[in-house]
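Structure first, then comments.
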Amino acid sequence: MAESIYITSAEGHSGKSSVALGVLDTLVHEVPRVGVFRPIARSITERDYVLELLLAHDGVDLEYDECVGVTYDDVHRDPDAALAVIVERFKDIEAKCDAVVIVGSDYTDVGSPTELSYNARIAANLGAPVLLVLTGRSMDESRGRTADEMRQIAELSIPELALAHASLLAVIVNRADEGAETAIKTDVPVWAIPESPLLVAPTVGAIQEAVEGTLLRGDEALLQREAMGVVIAAMTVDNVLLRLVEGGVVVVPGDRSEMLLAVLTAHASGTFPSLAAVVLNGGFDLPPQIVRLIEGLDDELPIITTEFGTFATAQRIAQTRGRLAADSQRKLDTALALFEQNVDGAALLQALSVGKSDAVTPLMFEYALMERARADLKHIVLPEGSDDRILRAAGTLLSRGVATLTILGDEGDIRARAAGLGVDIADATVLSPTDPDLREQFAVEYARVRAHKGMTVEEARDIVTDVSYFGTMMVHLGLADGMVSGAAHTTAHTIKPGFEVIKTRPGVSVVSSVFFMALSDRVLVYGDCAVVPDPTSEQLADIAISSAGTADQFGIDPRVAMLSYSTGESGAGADVDKVRAATALVHERAPQLIVDGPMQYDAAADPTVGASKMPGSPVAGQATVFIFPDLNTGNNTYKAVQRSSGAVAVGPVLQGLNKPVNDLSRGALVRDIINTVAITAIQAQVSTGVTP
């Protein structure tokens, strides 16, 4: 039977959805199959955004309709019959999962006391302990609750759970002021998550919808930015400018074109806060000359027009609530970071009796990468600051505390674009590759390293301003611990400076690569699939030893299969002989490694085939590291496995350099960039490779 947890609250607007997200995220990193269930649907006219948020989380593989119990109408008609349906539908989900996160109702229908008791009754019938979420904000949300108020709410809520025979697992005070949890006296753990203005801030798109507005100009992508405040421009220009806030929305009467121009100028100046949007109210058409002037501005700030007057516009904006949804990565990152920092995940899992699974899913592997990177924070340089994917990844990496970052590019442009995207990179260093002091330092060092090639300082001054060279020089001189690039550059452009400057580790003749192939229940290592086209026997042996070292570094017990089209002694020919010779060299150079070959892929991967073709082999049928004879075979195989089995391919991860530099695919997703940065940080923590 699946371990389950029932998350409910004593009132509405508690932030229960962000807590549910944190619990779900904690579980999917520990067990392979996690489900979500909504006993009572939030709405019968539209899809429940809380359920959609949780279903969108990586690691949850369920359909929306099967995760819903009943509607409020069903509960009103016959509470007992509704409860029977809830139990029946939950059991279907439970049978498919190792753990289930159950999210109680949202206080959108019946009164609070009745709703809490019914949620408690559901939890008791599902056999799920309750995680009670209390809000630290007053009913009108204008202030934090006092200790006496928190105590009273707990004293009313907890007995109500017990009365319905629901078991209380823990209490979370969400949106809490400091010390709010100390007011609650109970035998179970009590945690507090502080208020985050970002999580309750509406997006610009939500404001546009609320005022029934039209986007006059600006980048539609920036409609996802959160609005962190509202300024009504109903005073003189100088007073309005004093009241601008970072990420704010300014409401400007449509017939005040001079105010509009002042606000846009302030936003573009860099000396005033960066705005999220401007709303022009009143339904006035801008004069043609003003439109022409605005169109000449090199800015993507959304300008929205609405027919409503100033009061109605301000009222509608004020009533627009922010919500945690799958389309706001910044909010997701913030919610998860707050949960991780303030809730003891290990204690929560222990209370639920959730043990560590032997299986390793792609999500569990990715989480382990981030955990290891956090354990010893390293400094990674990202040369491609003009790429939105890099900025979005940087926001997640910083909020989750995976690495410290330097982003290369023009600081004004990069920070403005990040702000426009709603990405927080305040903790990143932004550095220009033309910085005069570093440029000179790097040029002198590069000329020294490449003196045998006739390099002069004058030539080097131009070379080191290239972002790949500049980032590599930072790593070489210890100004960064590693570099990740390639989202907007070729592999050769990314790794060539590393070959020239950082060079290979002692005892390694060739730089190679591996992919981590995260299958549904385990992670394999494939090498080399990206760098060396046709390795010699000596190079193939180096690749095998380096790949085994990389596997070991990332918690994978290396059993190395040297692959060929022939298994054991059955075949002959130059290609098989190369693999056979490479296998012998690995035995000689690294006798502690478990390695065998040549063998075919099926003999390496399938225990039955392995036992038949290579009986007694310590590798056949249980290989974890697969070494391909050439790039053609390796590259095609990893892509075939990735596409046909749904495996997540993480890489390429370069190995053999003195310091870590890693390449991205130009089609890399934000998730790929995050994983590669985490891997690079781990590589920087300890040296790779297995000592012969």
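The values are calculated or read from the model by the stated rules, or taken from the named source; none is laboratory data. Model, not experiment: these values are computed from the prediction. Glycine gets a Cβ as well: all are built from the backbone with ideal geometry, and neighbour counts include every protein chain shown. Heads up: the accessible areas ignore ligands, DNA and RNA and are worked out on the full protein's heavy atoms, side chains in. Shrake-Rupley method; radii C 1.70, N 1.55, O 1.52, S 1.80 Å.
Inspect region 646-661 for any residue being surrounded by 19 or more Cβ atoms within 10 Å (Cβ to Cβ), small (G, A, S) and more than 28 Å from A604 (Cα to Cα) and give the result as yes or no.
Step one: of region 646-661, the residues surrounded by 19 or more Cβ atoms within 10 Å (Cβ to Cβ) are 647-657, 659-661.
Subset that is small (G, A, S): 647, 649, 651, 656.
Filter once more, keeping what is more than 28 Å from A604 (Cα to Cα): none.
No, that holds for no residue.
Can you pull out every residue in region 588-612 that is part of a loop (DSSP other than H, G, I, E, B) and either over 39 Å from the mean Cα position of the chain (by Cα) or of a type in the set (D, E, K, R) (or both)? Don't jump to the end; show me each part of the working.
Looking only at region 588-612, we keep the residues that are part of a loop (DSSP other than H, G, I, E, B), and these are 590-593, 600, 606.
P591, D606, listed by residue number.
Just give me the residues in region 387-439 being within 19 Å of M474 (Cα to Cα) and assigned to a loop (DSSP other than H, G, I, E, B), in sequence order.
Of region 387-439, the ones within 19 Å of M474 (Cα to Cα) are 390, 394, 403-411, 427-439.
The answer is A403, G409, D410, D427, A428, S432, P433, T434, D435.
Just to verify a result, which residue in region 226-251, among those that are farther than 19 Å from T313 by Cβ and assigned to a loop (DSSP other than H, G, I, E, B), is least open to solvent (accessible area, probe 1.4 Å)?
T236
How about region 549-587: which of its residues are in a loop (DSSP other than H, G, I, E, B) and either at positive phi or loosely packed, with under 14 Cβ neighbours inside 10 Å (or both)?
Initially, region 549-587 is screened for residues in a loop (DSSP other than H, G, I, E, B), giving 554-558, 564-573.
Selection gives G555, D557, G568, E569, S570, A572, G573.
Answer with yes or no whether A684 is without any contact (Cβ under 8 Å) to a residue 60 or more places away in the chain and either surrounded by fewer than 16 Cβ atoms within 10 Å (Cβ to Cβ) or more than 25 Å from T361 (Cβ to Cβ) (or both). Spell out how you get there, then give the answer.
Values: without any contact (Cβ under 8 Å) to a residue 60 or more places away in the chain: no; either surrounded by fewer than 16 Cβ atoms within 10 Å (Cβ to Cβ) or more than 25 Å from T361 (Cβ to Cβ) (or both): yes.
Spelling it out, it is not the case that A684 is without any contact (Cβ under 8 Å) to a residue 60 or more places away in the chain and either surrounded by fewer than 16 Cβ atoms within 10 Å (Cβ to Cβ) or more than 25 Å from T361 (Cβ to Cβ) (or both).
Mind checking which pairs have a first residue in region 279-290 that is free of Cβ contacts under 8 Å to residues at least 40 places away in the same chain and a second that is open to solvent by less than 100 Å² (accessible area, probe 1.4 Å), Cβ under 6 Å, 6 or more apart or different chains?
G282/P253; G282/G254; F284/G254; F284/D255; I290/S257
Here are some conditions: (1) without any contact (Cβ under 8 Å) to a residue 60 or more places away in the chain; (2) within 15 Å of V211 (Cα to Cα). P273 meets all but one. Which one does it not meet?
Failing condition for P273: (2).
Residues checked against (1) at pLDDT 90 or above; (2) closer than 30 Å to L377 by Cβ; (3) open to solvent by 70 Å² or more (accessible area, probe 1.4 Å); (4) among the aliphatic types (A, V, I, L, M):
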residue: G422; (1), (2), (3), (4): no, yes, no, no
residue: A428; (1), (2), (3), (4): yes, yes, no, yes
residue: K453; (1), (2), (3), (4): no, no, yes, no
residue: E458; (1), (2), (3), (4): no, no, yes, no
residue: D466; (1), (2), (3), (4): yes, yes, no, no
residue: F470; (1), (2), (3), (4): yes, yes, no, no
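Could you tell me which residue of region 529-569 is modelled with the lowest pLDDT, considering only residues that are closer than 23 Å to Q642 by Cα and of a type in the set (S, T, Y)?
Y565
Test of understanding: among T434, T490, T456, which residue is under 28 Å from the mean Cα position of the chain (by Cα) and polar (S, T, N, Q)? Break it down stepwise before answering.
Details: T434 fails: under 28 Å from the mean Cα position of the chain (by Cα); T456 fails: under 28 Å from the mean Cα position of the chain (by Cα).
Answer to the selection: T490.
Criterion first (out of contact with any Asp or Glu (no Cβ under 7 Å at 6 or more places or on another chain), part of a loop (DSSP other than H, G, I, E, B) and of a type in the set (V, I, T)) does I545 satisfy it? Before the answer, list the steps.
Values: out of contact with any Asp or Glu (no Cβ under 7 Å at 6 or more places or on another chain): yes; part of a loop (DSSP other than H, G, I, E, B): no; of a type in the set (V, I, T): yes.
Considered against the rule, which asks whether it is out of contact with any Asp or Glu (no Cβ under 7 Å at 6 or more places or on another chain), part of a loop (DSSP other than H, G, I, E, B) and of a type in the set (V, I, T), I545 comes out as no.
For region 619-654, which positions are touching a Lys or Arg at 6+ places or on another chain (Cβ under 9 Å), in a strand (DSSP E or B) and modelled with pLDDT of 90 or more?
Across region 619-654, the qualifying residue is only V625.
Of all residues being in a loop (DSSP other than H, G, I, E, B) and in contact with a Pro (Cβ under 8 Å, 6 or more places away or on another chain) in region 252-291, which is surrounded by the most Cβ atoms within 10 Å (Cβ to Cβ)? Just the residue, please. Spell out how you get there, then give the answer.
Quick first cut of region 252-291, residues in a loop (DSSP other than H, G, I, E, B) only: 254-256, 270-276, 282-287.
With in contact with a Pro (Cβ under 8 Å, 6 or more places away or on another chain) added as a condition, the list becomes 276, 282, 284.
Numbers: A276: 30, G282: 16, F284: 14.
Once the filter is applied, the top-ranked residue is A276.
Residues checked against (1) more than 31 Å from the chain's Cα centre (by Cα); (2) part of a loop (DSSP other than H, G, I, E, B); (3) small (G, A, S); (4) closer than 30 Å to L369 by Cβ:
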position	(1), (2), (3), (4)
V444	yes, no, no, no
A447	yes, no, yes, no
G471	no, no, yes, yes
V475	no, no, no, yes
V484	no, no, no, yes
T494	no, no, no, yes
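Might you let me know whether region 352-363 holds any residue that is over 30 Å from G12 (Cβ atoms) and touching a Lys or Arg at 6+ places or on another chain (Cβ under 6 Å)? Even if it seems obvious, please write down each step before you answer.
Step one: of region 352-363, the residues over 30 Å from G12 (Cβ atoms) are 353, 355-363.
If we keep only those that are touching a Lys or Arg at 6+ places or on another chain (Cβ under 6 Å) too, we end up with 360.
Checked against the condition, which is being over 30 Å from G12 (Cβ atoms) and touching a Lys or Arg at 6+ places or on another chain (Cβ under 6 Å), region 352-363 yields at least one hit.
So, in region 326-353, of the ones that are surrounded by 18 or more Cβ atoms within 10 Å (Cβ to Cβ) and part of a loop (DSSP other than H, G, I, E, B), which residue ends up modelled with the lowest pLDDT?
S328
May I ask you to say which residue of D462, D534 is part of a loop (DSSP other than H, G, I, E, B), of a type outside the set (A, V, I, L, M) and open to solvent by 10 Å² or more (accessible area, probe 1.4 Å)? Walk me through it before giving the result.
Numbers: D462 fails: part of a loop (DSSP other than H, G, I, E, B).
Unique residue meeting the criteria: D534.
Restricting attention to region 476-500, which residues are within 29 Å of V586 (Cβ to Cβ) and either open to solvent by less than 10 Å² (accessible area, probe 1.4 Å) or touching a Phe, Trp or Tyr at 6+ places or on another chain (Cβ under 6 Å) (or both)?
Filtering region 476-500 for residues within 29 Å of V586 (Cβ to Cβ) gives 482, 491-492, 494-496, 498-500.
Correct list: G482, T494, G498.
Checking L479 against (1) at pLDDT 90 or above; (2) within 28 Å of the chain's Cα centre (by Cα); (3) part of a helix (DSSP H, G or I): exactly one of these is not met. Which one?
Unmet for L479, out of (1) at pLDDT 90 or above; (2) within 28 Å of the chain's Cα centre (by Cα); (3) part of a helix (DSSP H, G or I): (3).
I need a count of the residues in region 181-202 that are in a strand (DSSP E or B), among the β-branched types (V, I, T) and either touching a Cys at 6+ places or on another chain (Cβ under 7 Å) or open to solvent by 30 Å² or more (accessible area, probe 1.4 Å) (or both).
Filtering region 181-202 down to residues in a strand (DSSP E or B) leaves 190-194.
Retained after the next criterion (residues that are among the β-branched types (V, I, T)): 190, 193.
This time we only want the ones that are either touching a Cys at 6+ places or on another chain (Cβ under 7 Å) or open to solvent by 30 Å² or more (accessible area, probe 1.4 Å) (or both), so: 190.
The qualifying residues number 1.
Looking only at region 49-72, decide whether some residue is in a loop (DSSP other than H, G, I, E, B) and surrounded by 22 or more Cβ atoms within 10 Å (Cβ to Cβ).
Our first condition is that a residue be in a loop (DSSP other than H, G, I, E, B); within region 49-72, this holds for 56-64, 71.
From the residues that got through so far, the ones that are surrounded by 22 or more Cβ atoms within 10 Å (Cβ to Cβ) too are none.
The answer is no; no qualifying residue exists.
Which members of region 313-325 meet the condition of being surrounded by fewer than 17 Cβ atoms within 10 Å (Cβ to Cβ) and either in contact (Cβ under 8 Å) with a residue 12 or more places away in the chain or over 25 Å from V231 (Cα atoms) (or both)? Quick ask: steps written out before the conclusion?
Initial filter on region 313-325 (surrounded by fewer than 17 Cβ atoms within 10 Å (Cβ to Cβ)): 315, 318-319, 321.
Residues satisfying the conditions are A318, Q319, R321.
Scan region 364-379 for residues that are at pLDDT below 90 and in contact with a Ser or Thr (Cβ under 9 Å, 6 or more places away or on another chain) and report the count.
1
Report, by residue number, each residue of region 588-601 that is under 13 Å from G549 (Cα atoms) and surrounded by 24 or more Cβ atoms within 10 Å (Cβ to Cβ).
Across region 588-601, the qualifying residue is only V595.
V444 passes all but one of (1) touching a Ser or Thr at 6+ places or on another chain (Cβ under 9 Å); (2) β-branched (V, I, T); (3) open to solvent by 20 Å² or more (accessible area, probe 1.4 Å); which number fails?
(1)
Hey, can you tell me all the residues within region 143-173 that are in contact (Cβ under 8 Å) with a residue 40 or more places away in the chain and among the acidic types (D, E)?
E160 - this is the single residue of region 143-173 that is in contact (Cβ under 8 Å) with a residue 40 or more places away in the chain and among the acidic types (D, E).
Among the numbered conditions (1) touching a residue at least 24 places away in the same chain (Cβ under 8 Å); (2) open to solvent by 10 Å² or more (accessible area, probe 1.4 Å); (3) farther than 26 Å from A668 by Cα; (4) in a helix (DSSP H, G or I), tell me where V508 comes up short.
(4)
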